[in-house]
Amino acid sequence: MEKLKIVWSDVANEKLEEILFFYFIRNESDTYSKKLFKKFMQDIRLLSHAPNIGIATKRKNIRGLIVEDFIVYY
């Protein structure tokens, strides 16, 4: 199977920044934010090889990938 390209929407980028900034402020450190960002990137990278690994939703053609305590919809 051909590797698919992951394209982030502007809204998705903003939400990710908000999540990472929240933990930066809350923890007064960027250590966890960096760890969480790395986890997001690793897990989402899997989608380029196996796009059906996420859970199916009620909406047709929308799936969700669980990353830590978050769901990334695609």
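The values are calculated or read from the model by the stated rules, or taken from the named source; none is laboratory data. Since this is a predicted model, take the numbers as computed values, not measurements. In this analysis, Cβ positions are derived from the backbone assuming ideal geometry, glycine residues included, and neighbour counts consider all displayed protein chains.
Among residues belonging to the stretch 47-67 that are outside any loop (DSSP other than H, G, I, E, B) and surrounded by 13 or more Cβ atoms within 10 Å (Cβ to Cβ), point out the one that is modelled with the lowest pLDDT.
If we take residues in the stretch 47-67 being outside any loop (DSSP other than H, G, I, E, B) and surrounded by 13 or more Cβ atoms within 10 Å (Cβ to Cβ), then Leu47 is modelled with the lowest pLDDT.
Scan (1) touching a helix residue (DSSP H, G or I) at 6+ places or on another chain (Cβ under 6 Å); (2) closer than 19 Å to Ser9 by Cβ for the single condition Lys60 breaks and write down its number.
Lys60 satisfies every listed condition except (1).
How many residues, within the stretch 1-29, are part of a helix (DSSP H, G or I) and at pLDDT below 95?
Selection size over the stretch 1-29: 0.
Has the stretch 21-44 got any residue that is closer than 26 Å to Glu2 by Cβ and touching a Phe, Trp or Tyr at 6+ places or on another chain (Cβ under 7 Å)?
No, there is no match, as no residue in the stretch 21-44 is closer than 26 Å to Glu2 by Cβ and touching a Phe, Trp or Tyr at 6+ places or on another chain (Cβ under 7 Å).
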